[in-house]
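Participant: Got a structure for you, questions after.
The values are calculated or read from the model by the stated rules, or taken from the named source; none is laboratory data. What you are looking at is a predicted structure, and each value in this text was computed from that prediction instead of being measured. Cβ placement follows ideal geometry from the backbone for every residue including glycine, while neighbour counts extend to all protein chains displayed.
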Amino acid sequence: MYHARVSHAHAPTHLVSETAIPTKNPAPATTEPTLLKIQEVASELGLTARSIRYYEELGLLSPAARSEGAYRLYDASDVERLRFIKELRDDAGFALAEIGQLLEDEAARGRTRVAFAHTEDPAERRNLLADSLERADRQIGILQAKADRLEAMVRSAQERRARLLARLADLDDGGVGDVR
């Protein structure tokens, strides 16, 4: 682990969200953050350094800082974001493009919330709400498509199970278990 005073010039736009999606803290740190090198993060999360670099190439992640030797350095919010990406990919089966869209929509939601709070212009507020509605609809579409694919897989497994039970019943009734 590194305790370093580093420039956040390479850091991405700070994200703000009230969901479980990891975000960057918009306030500058008053204490020196604990930063990890890419290998330390990879080891902690069960990822490879190459995977982490690939996520950066896709725009899913940006290191909090770079050391004087140009090493990528990650803070706690980066580690949580990577953990979230890994869970969406491995546990929920989302494609990286889907993950990127979900993360971007959440980041935009936070930016919209701030912009909405800073304007009283009804037209501007209407535009912000329309954009948020479009993003919410996109998120629903992505999530519903995943739910539909999973539901189809469950139906297929249930049909296989029913055929197996029919074969077992045929065997129990003296047949050869060759039921179609």
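Participant: Quick check: anything in the range 140-151 more than 29 Å from Ser62 (Cα to Cα), over 28 Å from the mean Cα position of the chain (by Cα) and either in contact (Cβ under 8 Å) with a residue 40 or more places away in the chain or not assigned by TED's automatic domain parsing to the domain that holds Tyr55 (or both)?
Facilitator: No; the residues of the range 140-151 include none that is more than 29 Å from Ser62 (Cα to Cα), over 28 Å from the mean Cα position of the chain (by Cα) and either in contact (Cβ under 8 Å) with a residue 40 or more places away in the chain or not assigned by TED's automatic domain parsing to the domain that holds Tyr55 (or both).
Participant: Among the candidates Asp170, Asp178, which residue alone is surrounded by 13 or more Cβ atoms within 10 Å (Cβ to Cβ), of a type in the set (D, E, K, R) and either more than 30 Å from the chain's Cα centre (by Cα) or modelled with pLDDT under 95 (or both)?
Facilitator: Numbers: Asp178 fails: surrounded by 13 or more Cβ atoms within 10 Å (Cβ to Cβ).
One residue alone meets the criteria, Asp170.
Participant: Continuing with this model, one more query. Go over the candidates Asp75, Asp131, Asp148 one by one and state the one that is over 17 Å from Tyr54 (Cβ atoms), among the acidic types (Asp, Glu) and exposed (fewer than 14 other Cβ atoms within 10 Å of the Cβ).
Facilitator: Asp148
Participant: Mind checking which residues of the range 62-85 are of a type in the set (A, V, I, L, M, F, W, C) and either assigned to a loop (DSSP other than H, G, I, E, B) or under 21 Å from Glu104 (Cβ atoms) (or both)?
Facilitator: Here is the first cut: in the range 62-85, the residues of a type in the set (A, V, I, L, M, F, W, C) are 64-65, 70, 73, 76, 79, 82, 84-85.
If the condition is that a residue be of a type in the set (A, V, I, L, M, F, W, C) and either assigned to a loop (DSSP other than H, G, I, E, B) or under 21 Å from Glu104 (Cβ atoms) (or both), then Ala64, Ala70, Val79, Leu82, Phe84, Ile85 are the ones that fit.
Participant: Looking only at the range 86-108, count how many residues are of a type in the set (A, V, I, L, M, F, W, C), surrounded by fewer than 16 Cβ atoms within 10 Å (Cβ to Cβ) and in a helix (DSSP H, G or I).
Facilitator: 2
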